[in-house]
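The values are calculated or read from the model by the stated rules, or taken from the named source; none is laboratory data. Quick caveat, the model's predicted, so the values are computed rather than measured. Using ideal geometry, Cβ is built from the backbone for each residue, glycine included, and neighbour counts are taken over all protein chains shown. To get the accessible areas, we keep the full protein, side chains included, count just its heavy atoms, and leave off ligands, DNA and RNA. Shrake-Rupley method; radii C 1.70, N 1.55, O 1.52, S 1.80 Å.
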Amino acid sequence: MAGILTISLDFELILGKLDKPGWQRFETVCETERRVVFDGLLSLFTEFDVSATWCTVGHLFLDQCRRQTSSPASSHHSHDGPCFPLDPCSNEQTAPLYYGKDLLDRLVACPTPQEIGCHTFSHVMYGDPKCTEAIAERETAKCVQLAEERGLKLRSFVFPRNRVGHLPVLARHGFAVYRGPSPRWFDQPETPRLLRKLGHLADIFSARTPPAVEATPSVDGLINLPASMLFTPAFGLRRFVPVWLRVLRARRGLREAVKQGKVFHLWFHPTDLAVRPEAMLAGLRQVLETADELRRAGELAILPMGAYAPLEAPALVQSSYLPARAVEAW
């Protein structure tokens with residue numbers, strides 16, 4: 001049995017930071033994401049023939065928006081979430097960190113097909129008790145509508161802050177796969193925040209091998225594809241993590257997936273590579289070089305999240321991304 005590499009990205013620019021105190025300090029890294037990291041990632045994915053899954057905040061589908069009432073909410077927003085009242089209700093030229101239509105155009109045009117998934121419309125945490133089913137319904141429906149207007153079918157979903165919730169809503173709107181939390185003890189929802197941070201740091205600095213995971217059935221026929229490893233950003237204490245340590249752990253994760261015939265699910269925000277972008281992109285290149293070597297040896301497939309959808313399974317066996325040995329895994 002062959003292993004599989006899946007890469008999923010939380011693509012959100014500044015929209016994923018607006019609920020954080022001092023969110024303005026992220027503006028510089030988001031500008032670097034737009035100017036340097038985005039093209040660097042597309043270049044790497046094209047060079048190594050990697051179809052990644054870009055789970056995108058729906059607001060980035062827009063190139064402009066405006067207020068249509070006297071209320072603090074724009075007509076396209078669904079509730080008093082992190083986009084209020086900070087959405088400039090402007091356009092891509094004036095406020096490029098809030099809009100991404102030009103970036104979506106380039107994703108669709110990438111020579112190596114990239115999957116576009118969903119990350120809610122305004123980065124709402126579906127697993128938060130304050131997020132009602134009605135909120136999740138409006139957020140999800142808006143994303144589906146914007147994607148359909150572009151001729152895109154959304155199949156994959158990533159929850160902001162990995163807070164899983166309202167799975168039946170996703171099923172009703174045609175989603176098939178979501179990224180669940182890592183199986184590690186400190187990634188479970190009930191783990192206190194401080195313990196989660198300490199667990200992550202211990203995992204990183206001990207270079208512990210990330211878990212190989214499996215796609216498993218979940219609520220309403222959805223498939224849960226858990227995370228294996230975050231390609232750690234260089235913010236805060238994690239700035240002391242050398243790039244080579246990230247590469248070492250990812251390579252160990254790849255080889256563990258091959259050994260077990262399972263999945264190494266690597267994930268990150270493009271913003272995570274925006275501090276020391278040259279070094280971080282070079283580190284990701286080393287990971288993809290190892291993945292490419294394993295693929296050429298017939299030991300690894302590289303697949304986007306959407307490939308795990310039940311409706312995609314028959315076509316998967318015929319995919320050019322799937323080496324002969326990987327067919328046994330399906």
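Structure data summary
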item	result
Local net charge near Thr209, Cβ-Cβ under 9 Å (Lys/Arg +1, Asp/Glu -1)	+3
Burial ranking of peptide ranges 251-258, 41-48 (average Cβ count within 10 Å, highest at the top)	251-258, 41-48
Length released on extending from Glu214 to Val241, taking residue separation times 0.36 nm less the Cα-Cα span	6.9 nm
In Hz, Karplus ³J(HN,Hα) per residue of region 92-101 (6.51, -1.76, 1.60; θ = phi - 60°; x = Gly, Pro)	5, 6, 7, 10, x, 7, 10, 9, x, 4
Candidate lysines for bridging to Lys197, where Cα separation is under 22 Å - those fewer than 8 sequence places away on the same chain excluded	Lys17, Lys20
Packing rank of 298-310, 142-154, where each peptide gets the mean count of other beta carbons within 10 Å, highest leading	298-310, 142-154
Amide H partners (placed H, <5 Å) of Arg155, local residues excluded	none
Amide proton proximity set for Val275, modelled H, under 5 Å, gap of 5+	Ala234
Relative packing of 243-250, 22-29, which averages over residues the other C-beta atoms within 10 Å, highest first	243-250, 22-29
Region 202-219 residues near the modelled Thr191 label - backbone nitrogen below 16 Å, point 7 Å along Cα→Cβ	202-213
Per residue convex hull volume, Cα atoms of the chain, in Å³	127 Å³
Percent of beta bridges antiparallel (DSSP, the chain, rounded to nearest 5)	15 percent
With Cα atoms, 0 to 90° folded angle of helix 38-47 axis to the chain main axis	30 degrees
Residue with peak Gaussian network fluctuation, the chain [Cα springs, cutoff 10 Å], from Leu104, Leu237, Leu201	Leu237
Spacing of the two label points (7 Å from each Cα toward its C-beta) at Gln93 and Leu201, in nm	4.7 nm
Amide H contacts of Gly117 (H built 1.01 Å from N, under 5 Å, at least 5 apart or other chain)	Trp54, Cys55, Thr56
Helix-only CD estimate at 222 nm, as mean residue ellipticity for the chain, using -39500 (n - 2.57) per DSSP H run (n ≥ 4)	-9500 deg cm²/dmol
Region 127-144 - phi-based ³J(HN,Hα) in whole Hz, Karplus 6.51/-1.76/1.60, Gly and Pro as x	x, 6, x, 6, 8, 7, 4, 5, 5, 4, 4, 5, 4, 5, 4, 5, 4, 4
Mean separation of Cα contacts under 8 Å (6+ apart) over length of region 140-195, as relative contact order %	32 percent
For the chain, accessible area per residue (1.4 Å probe, heavy atoms of protein chains only), Å²	42 Å²
GNM flexibility winner over the chain from Asp203, Asp128, Asp39 (Cα, springs under 10 Å)	Asp128
FRET efficiency, Arg161 to Ala297 (Cβ-Cβ, R0 51 Å, nearest 0.05)	0.85
Cα-based reach from Lys130 at 20 Å (exclusive), listing aspartates and glutamates while leaving out same-chain residues under 8 positions away	Asp19, Asp80, Glu139, Glu190
